[in-house]
Amino acid sequence: MKHGDKINNLGRKKAHRVALLQNLASQLITHKRIVTTLAKAKALRTYVEPLITKTKKTESAATISHNHRLVFAELQDKAAVKELFTVVGPKVASRPGGYTRILKLGIRPGDNAEKAMIELVDFNEIYGKGVDKAAEPAKKTRRGRAPKKAEAAAAEAPVAEETTSTEEKAAE
């Protein structure tokens, strides 16, 4: 029975699964987004988010080097660890969690597997804070047009009366 077993084995033995997650995590950290299957993306999220959390805890020099060792023991990739602590860590320091986003991409034609893109949230320029909302024009809806025309006509009517009254005064 599978009671209380919450890990997704991904159809692999433990050593193969650990190697797969190590490689996916180092590629995610290096490239900031990767495309994989939905099951692997969900498994990767639970694997990589605690590693990113370890980059935020920087109270002392001993803690920093200890966290470097812990993360390197998991990833086994010097370049990814360096990228994680120098680029990713400072950028996510203010975020309380939820460092990754999974977007579903549809199915893969060959085997009908559900594809997904997993990305680091703070490194997406489309959804990030860098996009200026004021530069985009507001969407126009069809709901509010009728009252606006009525208000515009009502606003123009007194203006027209005022101009005739000023013209009449000038004529007198």
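The values are calculated or read from the model by the stated rules, or taken from the named source; none is laboratory data. In this text, all values refer to a predicted model and were calculated from it rather than measured experimentally. Neighbour counts run over all protein chains shown; Cβ positions are idealised from the backbone, glycine included.
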Task: Residue among 82, 57, 104, 78 that is basic (Lys, Arg) and within 20 Å of the chain's Cα centre (by Cα) - done: 104
- [ ] Quickly run through region 68-102 and pick out the residues that are touching a strand residue (DSSP E or B) at 6+ places or on another chain (Cβ under 9 Å) and either closer than 17 Å to residue 34 by Cα or not charged (D, E, K, R) (or both).
- [x] 88, 92, 99, 100, 101, 102
Open item on the list: Go through (1) assigned to a helix (DSSP H, G or I); (2) within 17 Å of the chain's Cα centre (by Cα) for residue 36 and report which single condition fails.
Closed with: (1)
Task: Looking only at region 59-91, and only at residues there that are at pLDDT below 90 and of a type in the set (Val, Ile, Thr), the one that is surrounded by the fewest Cβ atoms within 10 Å (Cβ to Cβ) - done: 63
Task: Single unsatisfied condition, residue 49 versus (1) over 16 Å from residue 81 (Cα atoms); (2) touching a strand residue (DSSP E or B) at 6+ places or on another chain (Cβ under 7 Å); (3) without any contact (Cβ under 8 Å) to a residue 60 or more places away in the chain - done: (1)
- [ ] From 144, 106, 130, grab the single residue that is modelled with pLDDT of 90 or more, farther than 27 Å from residue 64 by Cα and exposed (fewer than 10 other Cβ atoms within 10 Å of the Cβ).
- [x] 106
Open item on the list: I want to confirm something. Restricting to region 1-56 and keeping residues that are at pLDDT 95 or above and touching a Lys or Arg at 6+ places or on another chain (Cβ under 7 Å), which single residue is surrounded by the most Cβ atoms within 10 Å (Cβ to Cβ)?
Closed with: 24
TODO: Please identify the pairs in which a residue from region 78-89 that is farther than 12 Å from residue 28 by Cα has its Cβ atom under 6 Å from the Cβ atom of a residue that is surrounded by 17 or more Cβ atoms within 10 Å (Cβ to Cβ) and hydroxyl-bearing (Ser, Thr, Tyr), counting only partners at least 6 apart or on another chain.
DONE: 85/55; 89/55
Open item on the list: Here is a check on your reading of the model: is residue 43 among the small types (Gly, Ala, Ser), touching a helix residue (DSSP H, G or I) at 6+ places or on another chain (Cβ under 7 Å) and over 17 Å from residue 122 (Cα atoms)?
Closed with: yes
